[in-house]
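Notes follow the structure.
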Amino acid sequence: MTSESNPSPANSAAAPSDVEAARKLVEVHARLRAELAKVIVGQDKVVEELLTAVFARGHCILVGVPGLAKTLLISTLAKSLQLDFRRIQFTPDLMPADITGTEVIQEDKTTGERGFKFVKGPVFANVVLADEINRAPPKTQAALLEAMQEYQVTAGGKRYALNPPFFVLATQNPIEQEGTYPLPEAQLDRFMFNVKVEYPSEAEELSIVQRTTGGEKSEVSQILSAADILAVQEAVRRVPVADPVVGYAVRLVRATRQNQPEAPEFVKSWVRWGAGPRAAQYLILGAKARALINGRNYVSTDDVKAVAHPVLRHRVLTNFQAEAEGVTSDVVVDRLLETVPAHERGALSASGAR
């Protein structure tokens, strides 16, 4: 029996305002899904994970082959929010200053004096679409790191704060690797979710073709303002989490590390590098957002399990043996969800069979 069916602890009761926030978020979430459905066909799981990351104040990277509407999904989401949106098309010749901005010499026409003025780049927006992020060189990719982690940009020795809310929503093509620069693990770790975008079903693809080859255009309404989103993010942070649920998230992350005694045998055989502490933080934040979206003011282990794949798939690095056997990080996460006990009294077995 999972903690989903257990009542929340008495000492974890949410304030009435938070209960009201949960009710409102359910309504807002449904309205956002309806607006996105005007343009995006299917991809329910992708939309769910993307909205969860936004409500949890996290950055997100969408990975999928070309033509699956990754860019369209992000731009449509931006249209449904009353936020400043910028798209950056990453290319091999893109420079860091093209993202963050640069200083230019400006002359005061009244005094004739010249001075430097900082011209802000496209990163100074609420929603930044980093399209095909792995096509830019590492130095340019790294230009986003400070913005993603510190919510600021340093240029010319001065720091410039970014206006909240701030999200980097990136896309990446997993099949075409010629002329690309794989993102380093340090930067991948800044993304809360790695969302896998799959091919649509036959019925969905039929609907896509019918919609996009006619003259009909759908208008997307704006649902949330910047202040509304910030309020939602604060409400997510206030959702109480019982200690056993936090303990489950921590055990799940620690089990990904092949050098830990609690790691199962399949992890020691298949994993080259496990997830860091940020993974446990994002598991809990994602679980909080999911609970609130579903109208609950408490978090269960089922919420943690629901966000385990997007949180862990880019933080669990498989080794050569796993690649030779066709084992991906998603397979490792599947096995972990089957192996790691939801309750602490069931000790994690270090001798799990492969």
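The values are calculated or read from the model by the stated rules, or taken from the named source; none is laboratory data. Bear in mind that the values here come from a model prediction, so they are computed numbers and not experimental data. In this analysis, Cβ positions are derived from the backbone assuming ideal geometry, glycine residues included, and neighbour counts consider all displayed protein chains.
Quick grid of which residues meet (1) modelled with pLDDT of 85 or more; (2) surrounded by 13 or more Cβ atoms within 10 Å (Cβ to Cβ); (3) in contact with a Ser or Thr (Cβ under 8 Å, 6 or more places away or on another chain):
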| residue | (1), (2), (3) |
| --- | --- |
| Ala147 | yes, yes, yes |
| Tyr151 | yes, yes, no |
| Leu162 | yes, yes, no |
| Pro174 | no, no, no |
| Gln187 | no, yes, no |
| Pro200 | yes, yes, no |
| Val220 | no, yes, yes |
| Gln233 | yes, yes, no |
| Val245 | yes, yes, yes |
Practice task
Could you list, in sequence order, all residues of region 147-177 that are acidic (Asp, Glu) and farther than 23 Å from Arg313 by Cα?
Solution key: Glu150
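Just a yes or no: is a residue in region 85-97 among the β-branched types (Val, Ile, Thr), closer than 15 Å to Ala143 by Cβ and part of a loop (DSSP other than H, G, I, E, B)?
So in region 85-97, the residues among the β-branched types (Val, Ile, Thr) come out as 88, 91.
Still in the list and also closer than 15 Å to Ala143 by Cβ: 88, 91.
From what is left, the residues that are part of a loop (DSSP other than H, G, I, E, B) are 91.
Among the residues of region 85-97, at least one is among the β-branched types (Val, Ile, Thr), closer than 15 Å to Ala143 by Cβ and part of a loop (DSSP other than H, G, I, E, B), which makes the answer yes.
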Completion exercise
Among Ala125, Ala69, Ala136, Ala130, the single one that is out of contact with any strand residue (DSSP E or B) (no Cβ under 7 Å at 6 or more places or on another chain), under 29 Å from Lys38 (Cβ atoms), crowded, with 20+ Cβ neighbours inside 10 Å and assigned by TED's automatic domain parsing to the domain that holds Arg57 is Ala69
Exercise for the section: Of the numbered conditions (1) modelled with pLDDT of 85 or more; (2) on the phi < 0 side of the Ramachandran plot, Thr2 fails exactly one; give the number of that condition. Expected result: (1)
Exercise for the section: Answer yes if at least one residue in region 35-47 is under 17 Å from the mean Cα position of the chain (by Cα), modelled with pLDDT under 85 and either assigned by TED's automatic domain parsing to the domain that holds Gln281 or part of a loop (DSSP other than H, G, I, E, B) (or both), and no otherwise. Expected result: yes
Problem - Those helices (runs of 4 or more DSSP H) lying entirely in region 251-325 with at least 1 residues out of contact with any Leu (no Cβ under 8 Å at 6 or more places or on another chain), surrounded by 15 or more Cβ atoms within 10 Å (Cβ to Cβ) and not aliphatic (A, V, I, L, M) - result: 265-270, 277-293, 301-306, 308-312
Fill in the blank from the handout: Scanning region 55-103 residue by residue, those more than 18 Å from the chain's Cα centre (by Cα) and at positive phi turn out to be Gly67, Gly101
Practice task
Scan Val128, Val65 and give me the residue that is closer than 28 Å to Arg238 by Cα, out of contact with any helix residue (DSSP H, G or I) (no Cβ under 7 Å at 6 or more places or on another chain) and in contact (Cβ under 8 Å) with a residue 40 or more places away in the chain.
Solution key: Val128
Practice task
Give the residue that is surrounded by the fewest Cβ atoms within 10 Å (Cβ to Cβ), with candidates limited to residues of region 98-121 that are under 14 Å from Gly157 (Cα atoms) and in contact (Cβ under 8 Å) with a residue 24 or more places away in the chain.
Solution key: Phe116
